[in-house]
Amino acid sequence: MKKFRDLSKYARTNLKTYGLVIIAFAILFPLQSAGMLSNSLNGQLIPICVYIVLAISLNLTVGISGELSLGHAGFMSVGAFSGVIAAASLQDSVGSEPLRLVFVIIIGGIFAGIAGLLIGIPVLRLRGDYLAIVTLAFGEIIKNIINCLYVGIDGSGLHFSVTDTASLGMSGGRIILNGPQGAVGITKIASFTAGFVLILFTLFVVINLIYSRSGRAITAIRDNRIAAESVGISITKYKLTAFITSAALAGMAGALYAMNFSTIAAKKFDFNTSILILVFVVLGGMGNIMGSIIATTVLYILPEMLREIGDYRMLIYAIVLILVMLLTNSSRAKQMAVSLETKIKNIFRKLKNILRKNKNGSGEVTDNG
Amino acid sequence: MTLISNLINGISLGSVYAIIALGYTMVYGIAKMLNFAHGDVIMVGAYISYLSTTALNVPPLLSVLIAMVVCTVLGVVIEGLAYRPLRKASSLAVLITAIGVSYFLQNAALLIWGSAPKSFSSIVPFDSISLFGGDLIITSEAIVTVITCIVIMILLNLFTKKGKMGKAMRAVSEDKDAAQLMGINTNFTISMTFAIGSALAAVAGVLLCSAYPTLTPTTGSMPGIKAFTAAVFGGIGSIPGAMLGGILLGVIEIFATSYISSQLSDAILFAILIIVLLVKPTGLLGKAVKEKV
């Protein structure tokens, strides 16, 4: 077996990322089963998994493909609500809960992927801020449409309507989607293990995509579109690949997210949610998968940790966000960081020298003795 | 008659969007950044005006001036503290910082003024006009909003075309480094742009809350997003474009609300935006930039 050090730099980073996730799960899962986690943390485990998947998938669009998307919550929403409808339809035919969850997540992913394809084909012709605004618009459109969608299920199958529940024309059965109220009466089947498996699946898909031929094409397009085009890389094809993969993964995360609540409304997946995911990605580092995972976990738990200071917590969150951006991006802060680093290094060097002298000194003593 | 009254309402709402969009478009044109905190400056402006009329008994017009002054200072301070250190950073870093500032303003407003909605009393002193024996009522707010919008538009156009500062702004937005070499103080010019944009936001906030009189810490965010799309719609960076985009957006919104569905009006609005951008990717009045290889 190859030693860890002999592996390439990329392989090492990727193994570290997988390792981090697996270790975190290995620590948290027994604690959760034993009921040793606090209530707030216990309730957050699945949402954290969902947001980690969302952040990784958005990182594929924003970091790897270089397209600013402000509508990631829209794909999450598509996945969540198609997942809810699928779960209700499969409730009787698929008895086993984990199996049903797998179906629900896959269906959520497929529908979000289709939405990604439909949005992606026209939208990826646009560039920069225009692409951002169209994805934003898409997110708002999805939210609005789901807000006036009524879906019910009875013996004869699914019923759809855009006006009200009465026009569904149902004979018995039950309502799945109730307009602005959103999805009601969801059977909670999400589990922490499912979240963990979904993160591993996402990592597998994204990392394999990044380090494949397609992935290199995608980063080439990001770095220089014209140069990439001139060596024969099909811009549309590779951008769409990244965009659809990202959308489908977001849909899967959305489906898992919906299965964690008994009711869920479309307004949960608004512009602010998209921005939240984008903040995770940018703070974690663009194109850095492990960074996304860490940033998501820290930033998701931070407001909960700040709960003690009550009303001020979101204010503190905002200040932390601004300060982190200023410290990591401003040129003056970078200079300060560099000079600080050299100072600390100098101190360590001096310490080392002193230690070495002492060691040599003591060595001499023993030699003499 | 409903058609005409809808049209007037649309133009009036659109004028508010246009004034907000002017702030977005000027800042984008000069600093190449999406200032997401702009919508929250509107909210601050409305609160200041509300407080100065209710708590200090200031006459309405003076309250608008106070709001403008406060917002101008706020805009310049935000620019200096949060955006200036990031002048050379990636545009995404600046975007996230702007989002941070937006969160900050919303939550600061929540702490200072509470979450209970304030009912804003209109600052317009005269009554609505009733025409055709009461068939067509034009609200006084609509008249004032449209007139204000036109005046701002003319002044701003004169300012950027003729004034020394305006010329400096155009120069900086064209090429920042070259402008600096010509002796233009770019940092000061950018600060001035933020000052003007924020003063306009205060006016927009007061007008918006005169027409739709509920004021909460999140009042500014949705009009902010819509005005931003208006700016993109008209071609971001172009002042007449922001005007046209804003008014079109307002008219579309009111028409979609009254003729199709009030719930779907935003979806229709954004769908039209997407279609326009697909046909004309730089917006209605935006200049297509040729790509050099």
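The values are calculated or read from the model by the stated rules, or taken from the named source; none is laboratory data. Because the structure is predicted, anything quoted here is derived from the model rather than measured. Using ideal geometry, Cβ is built from the backbone for each residue, glycine included, and neighbour counts are taken over all protein chains shown.
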Scan the range A:287-296 and tell me whether some residue there is within 11 Å of chain B (Cβ to nearest Cβ), over 23 Å from A:GLY109 (Cβ atoms) and crowded, with 18+ Cβ neighbours inside 10 Å.
no
So in the range B:55-67, with the set limited to residues that are within 20 Å of B:PHE126 (Cα to Cα) and at pLDDT 85 or above, which one is farthest from the chain's Cα centre (by Cα)?
B:LEU62
Give A:GLY83, A:GLY74 a once-over and let me know the one that is over 20 Å from A:ALA194 (Cα atoms), assigned to a helix (DSSP H, G or I) and in contact (Cβ under 8 Å) with a residue 12 or more places away in the chain.
A:GLY74
Test A:GLY363 against the criterion of being away from chain B (no Cβ under 13 Å), part of a helix (DSSP H, G or I), modelled with pLDDT of 85 or more and surrounded by 10 or more Cβ atoms within 10 Å (Cβ to Cβ), and give yes or no.
no
Condition test on A:ILE316, is it under 30 Å from A:LEU198 (Cα atoms) and modelled with pLDDT under 85?
no
Would you confirm whether or not the range B:236-244 contains a residue that is within 13 Å of another protein chain (Cβ to nearest Cβ), closer than 21 Å to B:HIS38 by Cα, at pLDDT below 85 and surrounded by 21 or more Cβ atoms within 10 Å (Cβ to Cβ)?
yes
Within the range B:57-88, which residues are basic (Lys, Arg) and more than 7 Å from chain A (Cβ to nearest Cβ)?
B:ARG84, B:ARG87
Pick from the range B:245-258, criterion touching a Phe, Trp or Tyr at 6+ places or on another chain (Cβ under 6 Å) and either more than 13 Å from chain A (Cβ to nearest Cβ) or modelled with pLDDT under 85 (or both), ranking: surrounded by the most Cβ atoms within 10 Å (Cβ to Cβ):
B:GLY246
Quick one: count up the residues across the range A:44-69 that are aliphatic (A, V, I, L, M) and outside any helix (DSSP H, G or I).
1
How about the range A:68-107: which of its residues are surrounded by fewer than 24 Cβ atoms within 10 Å (Cβ to Cβ) and not aliphatic (A, V, I, L, M)?
A:SER82, A:SER89, A:GLN91, A:ASP92, A:SER93, A:GLY95, A:SER96, A:GLU97, A:PRO98, A:ARG100, A:PHE103
Any residue at all in the range A:251-263 that's more than 19 Å from the chain's Cα centre (by Cα) and over 21 Å from A:ILE121 (Cα atoms)?
yes
Restricted to the range A:298-341 and to residues being among the polar types (S, T, N, Q) and surrounded by fewer than 11 Cβ atoms within 10 Å (Cβ to Cβ), the residue nearest to the other protein chains (Cβ to nearest Cβ) is A:GLN335
Residues being at the interface with chain A (Cβ under 9 Å from one of its Cβ atoms) and not in a loop (DSSP other than H, G, I, E, B): count how many of those fall in the range B:89-125.
19
Going through (1) under 30 Å from A:LEU131 (Cα atoms); (2) part of a helix (DSSP H, G or I); (3) more than 8 Å from chain A (Cβ to nearest Cβ); (4) not hydrophobic (A, V, I, L, M, F, W, C) one by one, B:ASN35 fails only at (2)
Can you find a residue in the range A:133-145 that is away from chain B (no Cβ under 14 Å), part of a helix (DSSP H, G or I) and of a type in the set (Val, Ile, Thr)?
no
Unmet criterion (only one of (1) farther than 18 Å from B:TYR103 by Cβ; (2) buried (at least 23 other Cβ atoms within 10 Å of the Cβ); (3) in contact with a Ser or Thr (Cβ under 7 Å, 6 or more places away or on another chain)) for B:GLY14
(3)
Output the residues belonging to the range B:259-280 that are surrounded by fewer than 18 Cβ atoms within 10 Å (Cβ to Cβ) and either farther than 20 Å from A:ILE133 by Cβ or not hydrophobic (A, V, I, L, M, F, W, C) (or both).
B:TYR259, B:ILE260, B:SER261, B:SER262, B:GLN263, B:LYS280
Which one of the conditions (1) farther than 19 Å from B:TYR24 by Cα; (2) within 14 Å of chain A (Cβ to nearest Cβ); (3) in contact with a Phe, Trp or Tyr (Cβ under 6 Å, 6 or more places away or on another chain); (4) of a type in the set (A, V, I, L, M) does B:VAL279 fail to meet, given that it meets all the rest?
(3)
In the list A:GLY66, A:GLY83, A:GLY95, which residue meets the criterion of being within 25 Å of A:ILE218 (Cα to Cα) and not β-branched (Val, Ile, Thr)?
A:GLY66
Output the helices (runs of 4 or more DSSP H) that fall wholly within the range B:151-228 and possess 1 or more residues being basic (Lys, Arg) and either free of Cβ contacts under 8 Å to residues at least 40 places away in the same chain or exposed (fewer than 15 other Cβ atoms within 10 Å of the Cβ) (or both), or say none.
B:164-174, B:176-181
Just to be sure I understand the filter: pairs with C-beta atoms under 6 Å, separated by 6 or more residues or on different chains, first member in the range A:257-269 and of a type in the set (Lys, Arg), second member part of a helix (DSSP H, G or I) and surrounded by 23 or more Cβ atoms within 10 Å (Cβ to Cβ). Which pairs pass?
none
Failed condition for A:ALA318, given (1) part of a helix (DSSP H, G or I); (2) among the aliphatic types (A, V, I, L, M); (3) within 27 Å of A:ILE210 (Cβ to Cβ):
(3)
Among the residues in the range A:60-67, are any over 27 Å from A:ASN147 (Cβ atoms) and over 18 Å from the mean Cα position of the chain (by Cα)?
no
